[in-house]
Amino acid sequence: MKNIVILISGGGSNMAAIVRAAQQQEWARRLDARVAAVISNKADAQGLVFAREHGIATAVLNHKDFDSREAFDAALAQQIDSHEPALVVLAGFMRILTPGFVNHFAGRLLNIHPSLLPAFPGLHTHQRAIEAGCKFAGATVHQVTAELDVGPILDQAVVPVLPEDTPQTLAARVLTQEHIIYPRAVAHFLRHL
Ligand code: GAR
């Protein structure tokens, strides 16, 4: 059994795409892969509802209940470890992780970022892409290393930036592609573990 643990902070549409793929697609059956748990740092994260409705264990660990980033990350790592994951997937998990956490899950920690890395690491990627006059934008699946939005790139998707785009319309176009590349990258990664 290859357990996947997914971390979210909000809508969880990427998590939902991975859950659907793991429940429906042939590669998941062949690899005996399943999403074992969805963990959020926010109790009101919409994605938790979807996860529960799909029979997946959920947990909430509020970072505000901890005195330090290190303490939160240690508790989070313990919670994740209880599911013995082959892979930990960050899907709109809006917390910067400590080097200790990243090292603990080194080689089995993936993230999706809504830009064509190495362009636009950090926040407000779509607004920055529009302001920079980019003709193309996109998303990147990468391995997580201690430095923010920098690890080895596993897959990318490209979309056009249209003249009338707002950050919202561009985000929606990019998100549609994220739902394609993230499950695909997860499958590819697990196949090569
Ligand atoms: C996605 O666009 C993801 O790329 C981005 O947050 C959104 C989450 O949507 N992640 C980051 O910005 C990480 N720095 P979702 O909750 O619907 O998957």
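Computed from the coordinates by the stated procedures, all read-outs in this text should not be read as laboratory data. Everything numeric in this text was worked out from a predicted model, so none of it was measured. Ideal geometry is used to build each Cβ from the backbone, glycine not excepted, and the neighbour counts take in all protein chains shown.
Quote the FRET efficiency, to the nearest 0.05, computed for Asp32 versus Glu164 with a Förster distance R0 of 35 Å and r equal to the Cβ-Cβ distance.
Numbers: r = 46 Å, r/R0 = 1.32.
Computed FRET efficiency for Asp32 and Glu164: 0.15.
Remark: the stretch 120-137, residue by residue, has Karplus-estimated 3J(HN,Hα) of 6, x, x, 9, 6, 4, 6, 4, 5, 5, 5, 4, 7, x, 4, 8, 9, 9 Hz, where x stands for each Gly or Pro and the curve is 6.51 cos²θ - 1.76 cosθ + 1.60 at θ = phi - 60°. Dipole size of the chain about its Cα centre, with +1 on Lys/Arg Cβ and -1 on Asp/Glu Cβ: approximately 480 debye, rounded to the nearest 20. Between amide H atoms placed 1.01 Å from N, distances below 5 Å from Val150 occur with Thr145, all of them 5 or more places distant or on a separate chain.
Taking the charge dipole of the chain about its Cα centre, with +1 at Lys and Arg Cβ atoms and -1 at Asp and Glu Cβ atoms, the residue from Met15, Ile39, Val102 reaching farthest to the positive side is Met15. 3J(HN,Hα) along the stretch 174-191: 5, 4, 4, 6, 4, 5, 8, 7, 6, x, 5, 5, 4, 4, 4, 5, 5, 4 Hz, from the Karplus curve 6.51 cos²θ - 1.76 cosθ + 1.60 with θ = phi - 60°, whole Hz, x for Gly and Pro.
The modelled label-to-label distance for the pair Leu123/Gln24, using points 7 Å beyond Cα in the direction of Cβ, is 3.4 nm. Along the positive direction of the dipole of the chain (beta-carbon charges: Lys, Arg +1; Asp, Glu -1; about the Cα centre), which of Ile6, Ala187, His142 reaches farthest? Positive-end residue among those listed: Ala187.
Relative contact order, whole percent, for the chain stands at 21, derived from Cα pairs under 8 Å and 6 or more residues apart. Per-residue Cβ neighbour counts within 10 Å put Ser40, Ser68, Ser13, Ser115 in the sequence Ser68, Ser13, Ser115, Ser40, beginning with the fewest. Each label was represented as a point 7 Å from its Cα along the Cα-to-Cβ direction; for Phe136 and Ser68 these points are 4.4 nm apart.
Hey, what did the stretch 110-169 get for relative contact order, percent, Cα under 8 Å, at least 6 apart? Walk me through the numbers before you get to the answer.
Working: 103 pairs, mean separation 22.2, N = 60.
Computed value for the stretch 110-169: 37 percent relative contact order.
A simple count of charges around Ile80, restricted to other residues whose Cβ falls under 11 Å of its Cβ and scoring Lys, Arg +1 and Asp, Glu -1, yields -2.
Ranked by the mean number of other Cβ atoms within 10 Å of their residues, highest first, the peptides 74-81, 178-185 come out as 178-185, 74-81.
Between Arg95 and Met1, what FRET efficiency comes out of the Förster formula 1/(1 + (r/R0)^6) with R0 = 25 Å and r the beta carbon distance, rounded to 0.05? Provide the component values of the computation, followed by the final result.
Details: r = 27 Å, r/R0 = 1.10.
Working from the Cβ atoms, E equals 0.35.
Once backbone amide H atoms are built at 1.01 Å from N, Val161 has Phe136, Ala137 as its partners under 5 Å, excluding neighbours fewer than 5 places away on the same chain.
A straight line joining the Cα centroids of the stretch 1-36 and the stretch 138-193 runs 16 Å.
Using θ = phi - 60° in the Karplus curve 6.51 cos²θ - 1.76 cosθ + 1.60, the 3J(HN,Hα) couplings for the stretch 34-41 round to 8, 7, 7, 7, 10, 10, 10, 8 Hz; x is entered for Gly and Pro. Between Ala75 and Ala172, the simple spin-label model (points 7 angstrom out along Cα→Cβ) gives 3.8 nm.
For Ser115, the residues whose amide H sits under 5 Å from its own are Thr140, ignoring neighbours fewer than 5 places away on the same chain, with H placed 1.01 Å from N. Here is how the number arises for the chain: DSSP H runs of 4 or more residues each give -39500 (n - 2.57), the sum is divided by the residue count, and the result at 222 nm is -12000 deg cm²/dmol.
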